[in-house]
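The next block holds one structure in the form of structure tokens; read it before the comments.
The values are calculated or read from the model by the stated rules, or taken from the named source; none is laboratory data. This one's a predicted model, so the numbers in the text were calculated from it and none came from an experiment. We place every Cβ from the backbone using ideal geometry, glycine too, and count neighbours over all the protein chains shown.
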Amino acid sequence: MYIEISDARALCEKIGVQQVSDNEVLLFMEKAEARINAALGTRYALPLPYPTPALVKSIAADFTASFIIDKYYSSILKSKEQTVLSETYFKRAENDLKNIIVNGLLDRLPGVTAIDKPQEMLSSPCMRSTRRGKSSMEEALSKW
């Protein structure tokens, strides 16, 4: 696991998590880890080294807390604040995860191994001209 139960509970402390069992928190942690591994596995060899990189721990805690809040507090809707908190954690985790993949934020960490991108994932022009040389559209796009 990337985080401890206490890491997820700490993010939910403001609204209380006493009724959520440790077993349920573990299930949400596994769900968060699966989501993280699915994304990171496109760029890095898994499993990640121990200790877990701090940014990955933060993402795991955010996802887990968002799952807890979403399940237990969105249906109660004491206030919209709880739903917003869940969405905030989820979006922050997604953005951080995307940032790791796009910008290779883990590339230089000890023990982290970047994998080669499959050929089909490499960027290539989406359009080709039937003429020799570049079309006016390809020329314009190549300036970007």
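Within region 30-47, the residues that satisfy the criterion of being surrounded by fewer than 20 Cβ atoms within 10 Å (Cβ to Cβ), in contact with a helix residue (DSSP H, G or I) (Cβ under 7 Å, 6 or more places away or on another chain) and of a type in the set (A, V, I, L, M, F, W, C) are ALA39, LEU46.
The requirement of being modelled with pLDDT of 90 or more, more than 29 Å from THR113 (Cβ to Cβ) and surrounded by 14 or more Cβ atoms within 10 Å (Cβ to Cβ) is satisfied by VAL25. So for region 54-75 (the condition being part of a helix (DSSP H, G or I), of a type in the set (Asp, Glu) and modelled with pLDDT of 95 or more), does at least one residue qualify? Yes. What do you reckon, is ILE15 in contact with a Lys or Arg (Cβ under 9 Å, 6 or more places away or on another chain) and crowded, with 16+ Cβ neighbours inside 10 Å? Yes. For region 48-60, a tally of residues being in contact with a Ser or Thr (Cβ under 9 Å, 6 or more places away or on another chain) and exposed (fewer than 12 other Cβ atoms within 10 Å of the Cβ) returns 0.
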